[in-house]
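Inspection log for the structure reproduced underneath, given as structure tokens.
The values are calculated or read from the model by the stated rules, or taken from the named source; none is laboratory data. Here the structure is a predicted model, which means the values were calculated and not measured. No Cβ is skipped: glycine too gets one built from the backbone with ideal geometry, and neighbour counts run over all protein chains shown.
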Amino acid sequence: MKRIGLMALLAAGMTAQAQTQRVNVIPAPVLLQEAAGQFTITSQTVISADPVFRDAAALLSEQSGIPLQGKGAQTGNIRILKEILRKQADSAAYRLIIDPQSVKIYASGRAGALHGIYTLLQIMGTQPNQRVLPAVAISDEPRFTYRGLHLDVSRHFFPLEFVYKYIDLMAMYKMNVFHWHITDGAGWRLEIKKYPALTQQAAWRTHANYMEWWKSPRHYLEEGNPNAYGGYYTQDEARKVVAYAARRGITVIPEIEMPGHSEEVLAVYPHLSCAGEPYKQSEFCLGNDSTFTFLEDVLREVMAIFPSKYIHIGGDEADKSAWKKCPKCQRRMQHEHLANEEALQSYAVKRTEKFLIANGRKLMGWDEILEGGLAPEATVMSWRGEKGGITAASEGHDVVMTPGGYCYFDSYQSDPSTEPLTIGGYLPLSKVYSYEPVPAELPADKAHHVLGAQANVWAEYMPATYQVEYMVFPRMLALSEVVWSQKDKRNWNDFKTRLQAHYRLLQRKQVNYYRPSVQLEPKTVIDTVRRLTIVSFETEQYQPVIRYTLNGTRPNATSALYTTPVEVPGTAQLTAAVFRDTMLMGRPVTVPVHYHKAIGKTVTYNTPWSGSYPAQKAATLVNGYRGSLTYGDGQWQGFLGKGVDVTIDLGTSQSLESLSIGFMQITGPGVYMPTEVKVQVADDPKAFENIPAITVANDVPPAHEKLIFKDFTFDLRGQKGRYIRVKAPVQKGFLFTDEIIVY
Ligand code: TNX
């Protein structure tokens, strides 16, 4: 019954999307009320603003092409007005009212005025006619104060114009922190006056493509060498980026990597490494005082360019082995009473924090800065899952959540076999959208330490700006809603509807966004009351045309049209695909459907399943659900030791036709096929000791490393009985099985 309820809900969700919605704002505002009529921008339209919002109004004018009235004039039909809001502190809040006569933005602070302006620009950019704006009343404010997007310009260097475009797009979606990863082993990207070799050499490498360079001896070349690849931003240019971002309400946080990820520095200033020679290690020597002199000199110039409260010092993935053998590092540890190399790293971070605090700034670092003890006032960026964030917040530190599983925009957003090469992982748009920055495990009184979340854009596999755009959009739109919108305003179906209008905006801004996938994701629900299987499909396409067959044949333009979940009694090979006109898009997906005799029956385990992979416990093997590509999905049940030995009770004695049982093999994690599978049928379970078994041998060699599935199938015609015993001994490692299908 419960399952039918769920289907009804799903069906309702599909039709509830009011197609009449005309205003599509992302991230979803707190309150949005559409009204009748529209405001039309004409050659008479002008902008005016309260004097405090003059610059924000100028920005609106530049971006929209609508003229701004002269100073003092307050009679524009688009007006930006100062108001005292409910909560005085809420300088990020705004109201936007569009009616047939006027457009008004009310805000108490500059951030709010900008948010109102960007909502207005968004409405223009998403309308078919950018000059005709539907009437609407919006009032809005952010949920989190930190709404971050990062960009790695070390692994590949991106030109200034692109950085500007990136910032413009961030502002359009109310992201307010640009984390600029400007130094890393693959190239130093910021002019430092005191250390010119950083940009004369450490910014230039032997290969343009990062992965090719990575596989090479990883050397650097002089700027001007015909083979050099790289680049850097002058201090003037970086200042312009800071100002450009600030004008749009965005803070730039620079990241200067230490103590690891610093090969490029040590190549040109080798005295800062333990070895004292270039190309030996990637970590600064922490026993050497000149390391701290260098870092402080650099940070002094960095602080003079970047006014941000936070300075990010990296801190991730430092290899501690050189420190273990370095006499200077060991002397430092003795002298400072540091128990191990983690404590030595922590010493360096704390010393840097002291320096930053003395200069009126705060230290931010990746979660490795927790190792060996966190610096007293540090803010932690939690990237290796949420653990670091939870620990730091529990200890009273502020944190920014950026866990790999939800926030790494360098991972695949669709089936890897159809996508350009990335570093790996799988993060579709819907998963970004599902992220909740405040971890459930965090005590409620510590939740305020979660400042917000950020997506990271590591560029190892992004050699060009069009690839960056492809990886960031539209996933950034999903993230913007995660960090801006109130929790109760978040709704995937509604987001997907609004997103359709934003593809237009992204096209107008010439963004090379990832196009929504045509791949279907099937979901099956077993209805044990009506004894049938219900199959539904999800896709990133909006209101797709889906056609299907039930016999495994490739659907064509005349095949059955999918409108609501398909209810299939018995067996079928449901094969479906998305169509555009008569054309089949992408690859059809086949869902094997088996409403078989054993579904919902009692299974006795003569040997137990593995406690680590219980799946759905005793229901697993007869619940009608097949496992997916991964044994961690809750449908694959694991066995060690004696392997599978189960008895199914069909309830009554029945004539049987066939049985099959599924297994998988993937040798990396130690998952193998069984040696063989044995099946017995009887009316009395005690008889199993005396009757012969039918055996099907395994034919997948243990040397087959890649993921492979096999159904062991038995012909049971002529067999009758109430009980079926299935045995499958372990060959080596783990056994995983998902379903025993009986007819
Ligand atoms: C880990 S995230 C890194 C980066 C890589 C990234 C690739 C982090 C703090 N360090 O140096 O680029 O993985 O996903």
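If you go through segment 666-678, how many residues are assigned to a strand (DSSP E or B) and under 14 Å from Gly643 (Cα atoms)? Walk me through how you get there before you give the answer.
Kept after step one, since they are assigned to a strand (DSSP E or B), are these residues of segment 666-678: 666, 671, 676-678.
Remaining after also requiring under 14 Å from Gly643 (Cα atoms): 671, 676-678.
Going through segment 666-678 one residue at a time, the tally reaches 4.
Considering only segment 542-558, state which residues are among the polar types (S, T, N, Q) and crowded, with 20+ Cβ neighbours inside 10 Å. Give the derivation first.
Keep residues of segment 542-558 that are among the polar types (S, T, N, Q), which gives 543, 549, 551, 553, 556, 558.
Matches in segment 542-558: none.
Any chance you could count how many residues in segment 580-604 are among the aromatic types (Phe, Trp, Tyr) and surrounded by fewer than 19 Cβ atoms within 10 Å (Cβ to Cβ)?
0
Of the residues Leu10, Leu85, Leu81, which is in the same structural domain as Arg131 (by TED's automatic domain parsing), at pLDDT below 90 and under 27 Å from Ala245 (Cβ atoms)?
Exactly one residue qualifies, and that residue is Leu85.
Pairs needed: first member in segment 176-205, free of Cβ contacts under 8 Å to residues at least 12 places away in the same chain and in the same structural domain as Tyr118 (by TED's automatic domain parsing); second member anywhere, assigned to a helix (DSSP H, G or I) and more than 16 Å from the ligand (Cβ to nearest atom); C-beta distance under 8 Å; at least 6 residues apart or different chains.
Note: no pairs meet the criteria.
For every residue, the table says whether it meets (1) outside any loop (DSSP other than H, G, I, E, B); (2) at pLDDT below 95; (3) within 16 Å of the ligand (Cβ to nearest atom).
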{"residue": "Thr119", "(1), (2), (3)": "yes, no, no"}
{"residue": "Ile123", "(1), (2), (3)": "yes, no, no"}
{"residue": "Asn129", "(1), (2), (3)": "no, no, no"}
{"residue": "Leu133", "(1), (2), (3)": "yes, no, no"}
{"residue": "Ser139", "(1), (2), (3)": "yes, no, no"}
{"residue": "Phe144", "(1), (2), (3)": "no, no, no"}
{"residue": "Gly148", "(1), (2), (3)": "yes, no, yes"}
{"residue": "Arg155", "(1), (2), (3)": "no, no, yes"}
{"residue": "Glu161", "(1), (2), (3)": "yes, no, no"}
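Can you tell me which residues in segment 569-578 are surrounded by fewer than 19 Cβ atoms within 10 Å (Cβ to Cβ) and either within 37 Å of the chain's Cα centre (by Cα) or polar (S, T, N, Q) (or both)?
Here is the first cut: in segment 569-578, the ones surrounded by fewer than 19 Cβ atoms within 10 Å (Cβ to Cβ) are 569-571, 573.
Result: Thr571, Gln573.
For segment 409-419, indicate whether the set of residues that are within 23 Å of Thr145 (Cβ to Cβ) and either within 16 Å of the ligand (Cβ to nearest atom) or not acidic (Asp, Glu) (or both) is non-empty. Explain how you work it out, then say what you get.
Step one: filter segment 409-419 for residues within 23 Å of Thr145 (Cβ to Cβ), giving 409.
In the following step, the residues that additionally are either within 16 Å of the ligand (Cβ to nearest atom) or not acidic (Asp, Glu) (or both) were identified as 409.
Checking segment 409-419: at least one residue is within 23 Å of Thr145 (Cβ to Cβ) and either within 16 Å of the ligand (Cβ to nearest atom) or not acidic (Asp, Glu) (or both).
Any residue in segment 356-373 that's touching a residue at least 12 places away in the same chain (Cβ under 8 Å) and away from the ligand (no atom under 11 Å from the Cβ): show its pairings with residues that are basic (Lys, Arg) and part of a strand (DSSP E or B) at Cβ separation under 9 Å, as long as the two are six or more apart or on different chains.
Filtered contacts from segment 356-373: Leu356/Lys362.
Just for segment 209-244: of the residues that are closer than 16 Å to Phe158 by Cα and not in a helix (DSSP H, G or I), which one is nearest to the chain's Cα centre (by Cα)?
Asn209
Could you please let me know if Leu429 is more than 16 Å from the ligand (Cβ to nearest atom), surrounded by 14 or more Cβ atoms within 10 Å (Cβ to Cβ), under 30 Å from Pro588 (Cβ atoms) and among the aliphatic types (A, V, I, L, M)? Outline the logic, then answer.
Numbers: more than 16 Å from the ligand (Cβ to nearest atom): yes; surrounded by 14 or more Cβ atoms within 10 Å (Cβ to Cβ): yes; under 30 Å from Pro588 (Cβ atoms): yes; among the aliphatic types (A, V, I, L, M): yes.
Yes; evaluated as a whole, the condition is true for this residue.
Any chance segment 298-307 includes a residue that's touching a Pro at 6+ places or on another chain (Cβ under 6 Å), closer than 20 Å to Asn359 by Cα and outside any helix (DSSP H, G or I)? Give the derivation first.
Our first condition is that a residue be touching a Pro at 6+ places or on another chain (Cβ under 6 Å); within segment 298-307, this holds for 302, 306.
With closer than 20 Å to Asn359 by Cα added as a condition, the list becomes 302, 306.
Remaining after also requiring outside any helix (DSSP H, G or I): 306.
So far as segment 298-307 goes, yes, one or more of its residues are touching a Pro at 6+ places or on another chain (Cβ under 6 Å), closer than 20 Å to Asn359 by Cα and outside any helix (DSSP H, G or I).
Restricting to segment 392-408, count the residues that are over 30 Å from Tyr466 (Cα atoms) and either within 16 Å of the ligand (Cβ to nearest atom) or at pLDDT below 95 (or both).
Here is the first cut: in segment 392-408, the ones over 30 Å from Tyr466 (Cα atoms) are 392-399.
Keeping just the survivors that are either within 16 Å of the ligand (Cβ to nearest atom) or at pLDDT below 95 (or both) gives 392, 399.
The qualifying residues number 2.
Give me a count of the residues in segment 393-446 that are part of a loop (DSSP other than H, G, I, E, B) and touching a Pro at 6+ places or on another chain (Cβ under 6 Å).
Step one: of segment 393-446, the residues part of a loop (DSSP other than H, G, I, E, B) are 395-398, 402-403, 409-410, 413-415, 419-423, 427-428, 434-443.
From the residues that got through so far, the ones that are touching a Pro at 6+ places or on another chain (Cβ under 6 Å) too are 413.
Total meeting the criteria: 1.
Taking the conditions exactly as written (polar (S, T, N, Q) and more than 16 Å from the ligand (Cβ to nearest atom)), does Thr352 satisfy them or not?
Taking the combined requirement at face value, the residue satisfies it.
Any idea which of (1) within 16 Å of the ligand (Cβ to nearest atom); (2) modelled with pLDDT of 95 or more; (3) hydrophobic (A, V, I, L, M, F, W, C) is the one Ile423 doesn't satisfy?
Against the list (1) within 16 Å of the ligand (Cβ to nearest atom); (2) modelled with pLDDT of 95 or more; (3) hydrophobic (A, V, I, L, M, F, W, C), Ile423 comes up short only on (2).
Can you tell me which residue among Val730, Val726, Val696, Val700 is in contact (Cβ under 8 Å) with a residue 24 or more places away in the chain, of a type in the set (A, V, I, L, M, F, W, C) and part of a strand (DSSP E or B)?
Val726
Out of Gly37, Gly65, report the one residue that is of a type outside the set (Ser, Thr, Tyr), on the phi > 0 side of the Ramachandran plot and within 37 Å of the chain's Cα centre (by Cα). Working first, answer last.
Details: Gly37 fails: within 37 Å of the chain's Cα centre (by Cα).
That would be Gly65, the only listed residue that is of a type outside the set (Ser, Thr, Tyr), on the phi > 0 side of the Ramachandran plot and within 37 Å of the chain's Cα centre (by Cα).
This table checks each residue for (1) touching a Ser or Thr at 6+ places or on another chain (Cβ under 8 Å); (2) among the hydrophobic types (A, V, I, L, M, F, W, C).
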residue	(1), (2)
Tyr562	no, no
Leu584	no, yes
Gly600	yes, no
Asn606	yes, no
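Answer with yes or no whether Gly389 is surrounded by fewer than 21 Cβ atoms within 10 Å (Cβ to Cβ), within 16 Å of the ligand (Cβ to nearest atom) and outside any loop (DSSP other than H, G, I, E, B). Steps first, please.
Details: surrounded by fewer than 21 Cβ atoms within 10 Å (Cβ to Cβ): no; within 16 Å of the ligand (Cβ to nearest atom): yes; outside any loop (DSSP other than H, G, I, E, B): yes.
No.
Taking Gly651 and the conditions (1) in a loop (DSSP other than H, G, I, E, B); (2) surrounded by fewer than 18 Cβ atoms within 10 Å (Cβ to Cβ), which numbered condition does it fall short on, given that it satisfies the others?
Single failed check for Gly651: (1).
Would you call Thr379 in contact with a strand residue (DSSP E or B) (Cβ under 8 Å, 6 or more places away or on another chain), farther than 27 Å from Glu538 by Cα, away from the ligand (no atom under 13 Å from the Cβ) and among the polar types (S, T, N, Q)? Walk me through how you get there before you give the answer.
Values: in contact with a strand residue (DSSP E or B) (Cβ under 8 Å, 6 or more places away or on another chain): yes; farther than 27 Å from Glu538 by Cα: yes; away from the ligand (no atom under 13 Å from the Cβ): yes; among the polar types (S, T, N, Q): yes.
Yes: the conditions hold for Thr379.
Looking at (1) touching a Ser or Thr at 6+ places or on another chain (Cβ under 7 Å); (2) assigned to a loop (DSSP other than H, G, I, E, B), find the lone condition where Met381 falls short.
Result: Met381 passes all but (2).
Scan Gly365, Gly373, Gly287, Gly360 and give me the residue that is at pLDDT below 95 and either more than 19 Å from Leu272 (Cα to Cα) or part of a loop (DSSP other than H, G, I, E, B) (or both).
Details: Gly365 fails: at pLDDT below 95; Gly287 fails: at pLDDT below 95; Gly360 fails: at pLDDT below 95.
Just a single option satisfies the conditions, and that option is Gly373.
What strands (runs of 3 or more DSSP E) lie completely within segment 449-559 and have 2 or more residues being within 16 Å of the ligand (Cβ to nearest atom) and of a type in the set (Gly, Ala, Ser)? Steps first, answer last, please.
Values: elements: 450-455, 521-527, 532-538, 545-549.
Per the criteria, 450-455.
Looking at Ile192, Ile250, Ile167, which is the one that is more than 22 Å from the chain's Cα centre (by Cα) and either hydrophobic (A, V, I, L, M, F, W, C) or within 16 Å of the ligand (Cβ to nearest atom) (or both)?
Numbers: Ile250 fails: more than 22 Å from the chain's Cα centre (by Cα); Ile167 fails: more than 22 Å from the chain's Cα centre (by Cα).
Going through Ile192, Ile250, Ile167 in turn, the sole match is Ile192.
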